[in-house]
Amino acid sequence: MTGPTGAPASGPGSDPIERDPLLQGVQLRGERHRRWLREGDPSVARRLAQIGVLGWIIVVPMLAGIFVGRWLDQAFGSGLFWTAPLLMLGLAIGGWSAWKWMASA
Amino acid sequence: MRLRILTPLAVVVDEAGVRALRAEDPSGGFGILPRHAGFLTSLAISVVSWIGSDGIRRYCAVRRGVFSVIGGQEIVIATREAVPGASLATLDETVLARFRAEIETERTVHVESTRLHLHAIRQIMRQLRPAQRGATGMLP
């Protein structure tokens, strides 16, 4: 089946080999190794930056919630009626997006 | 430690004096040093690497397999397919070249066996024809 079509052109014949899981696993590890050779171990600053991003992801929606809440409260003159729920909502959104971010990283 | 990597067809690696070894099973990577406790696991499709007695790291790609540490001094990996290589960066090319060579061999063997079959059939025909002429009534 692959003999007559795969023999003259190397493209179609070589495709099933390149999809082989063993080869893909080796390529993945080889690529990681080459990247490690190029970049070395990730530096402390980079790790801190990663952790910092996680912190900001949680804090920024909370700050936004407080800001919008204060603005609404000032507009309606309603004390803490809007600030507290929006702060909680910001915390929830921040926690949820941090969770998503951790799962993807 | 003594390391042996076995496939059904060959002993791919048989090396004494291994100082350390790394391998991967479905739960992740792990390392083995001499005098490790007895250990048995099934490997993932991965790359096994070890440091030989000369301090040089060597690699071998394995297609799954059973990994066992026996008595803290012997490691045996029984796998379906193993491709050794000197460098992780070029191991993928080694594997690819090996696959290509195997397919080429298979093709050649296929052609040869087809040729053999045709030859045998031709031979049988040649042997039967005079008999057919001689005793036509006996064959059917």
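The values are calculated or read from the model by the stated rules, or taken from the named source; none is laboratory data. All values derive from a computational prediction rather than experimental measurement. Because the Cβ atoms are built from the backbone with ideal geometry, glycine has one as well, and the counts that use them run over all protein chains shown.
What to note about this one:
- Of all residues in region B:41-93, those that are touching a His at 6+ places or on another chain (Cβ under 8 Å) and not aliphatic (A, V, I, L, M) total 1.
- Top-ranked residue of region B:51-73 - restricted to ones that are outside any strand (DSSP E or B) and among the polar types (S, T, N, Q), ranked as farthest from the other protein chains (Cβ to nearest Cβ): B:Q73
- Residue check for B:G31: out of contact with any Lys or Arg (no Cβ under 8 Å at 6 or more places or on another chain) and not assigned by TED's automatic domain parsing to the domain that holds B:R98: no
- Some residue of region B:102-110 being part of a helix (DSSP H, G or I), closer than 20 Å to B:C60 by Cα, at pLDDT 90 or above and within 11 Å of chain A (Cβ to nearest Cβ): yes
- Of everything in region B:79-101 that is more than 9 Å from every other protein chain (Cβ to nearest Cβ) and assigned to a helix (DSSP H, G or I), the residue that is surrounded by the fewest Cβ atoms within 10 Å (Cβ to Cβ) is B:A101.
- Single residue of B:V48, B:V76 found to be within 14 Å of another protein chain (Cβ to nearest Cβ), surrounded by 13 or more Cβ atoms within 10 Å (Cβ to Cβ) and in a strand (DSSP E or B): B:V48
- Test: residue in region B:111-129 that is without any contact (Cβ under 8 Å) to a residue 60 or more places away in the chain, facing another protein chain (nearest Cβ under 10 Å) and surrounded by 13 or more Cβ atoms within 10 Å (Cβ to Cβ): no
- Qualifying positions in region A:15-48 - of a type outside the set (D, E) and within 8 Å of another protein chain (Cβ to nearest Cβ): A:I17, A:P21, A:L22, A:L23, A:G25, A:V26, A:Q27, A:R29, A:G30, A:H33, A:R34, A:L37
- Scan region A:63-86 for residues that are assigned to a helix (DSSP H, G or I) and either farther than 26 Å from A:A49 by Cα or at pLDDT below 90 (or both) and the total you get is 13.
- Residues that are loosely packed, with under 15 Cβ neighbours inside 10 Å, modelled with pLDDT under 90 and either farther than 30 Å from B:V62 by Cβ or of a type in the set (F, W, Y) (or both) occur at least once in region A:24-41.
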